[in-house]
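Engineer: The structure's right below; bear with me while I get my questions together.
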Amino acid sequence: QVQLVESGGGLVQAGGSLRLSCAASGIIFGSNAMGWYRQAPGKQRELVADIDTGGVTYYVDSVKGRFTISRVQSTVYLQMNSLKPEDTAVYYCHYQRTGSTSDYWGQGTQVTVSS
């Protein structure tokens, strides 16, 4: 089992910044990927960014150049700059071991960007 604890959401004006953190604990070993998904009201959950144990990153096009994902061991961070109202969503931390069909989710943290 893996537990994910998120922090760092909140309310910010457009153009502002927030930093999300997610700490993983439990049975963590081997190659894995940690990342952030988001879900806005009435929309499907989408992958925002992820990073694997080799440091390879992925970003959805809409956040490239504004968001930066990083990790230190089992904690993953998402630095969000130049935030836009369309970034408003619940952000979920995600963990998956490479080659496994099992994955884990955090409880979600609300990010609200006002115009």
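Engineer: Identify the trypsin sites (Lys or Arg not before Pro) of segment 32-112 meeting these criteria: DSSP loop state and at most 13 other C-beta atoms within 10 Å of the C-beta.
Structural biologist: Lys43, Lys64
Engineer: At a 1.4 Å probe radius, carbon and sulfur cover how many percent of the accessible area of the chain?
Structural biologist: For the chain, the apolar C and S fraction of the accessible surface comes to 49 percent.
Engineer: Of Asp52, Asp103, Asp61, which has the largest mean-square fluctuation in a 10 Å C-alpha GNM of the chain?
Structural biologist: Top of the fluctuation ranking is Asp61.
Engineer: Taking every DSSP beta bridge with both residues inside the chain, roughly what % is antiparallel (nearest 5)?
Structural biologist: Of all bridge pairs located within the chain, approximately 90 percent are antiparallel.
The values are calculated or read from the model by the stated rules, or taken from the named source; none is laboratory data. Predicted model only: the values in this text are computed from it and were never measured. Because the Cβ atoms are built from the backbone with ideal geometry, glycine has one as well, and the counts that use them run over all protein chains shown. SASA here: full protein model, heavy atoms, side chains in, ligands and nucleic acids out. Shrake-Rupley method; radii C 1.70, N 1.55, O 1.52, S 1.80 Å.
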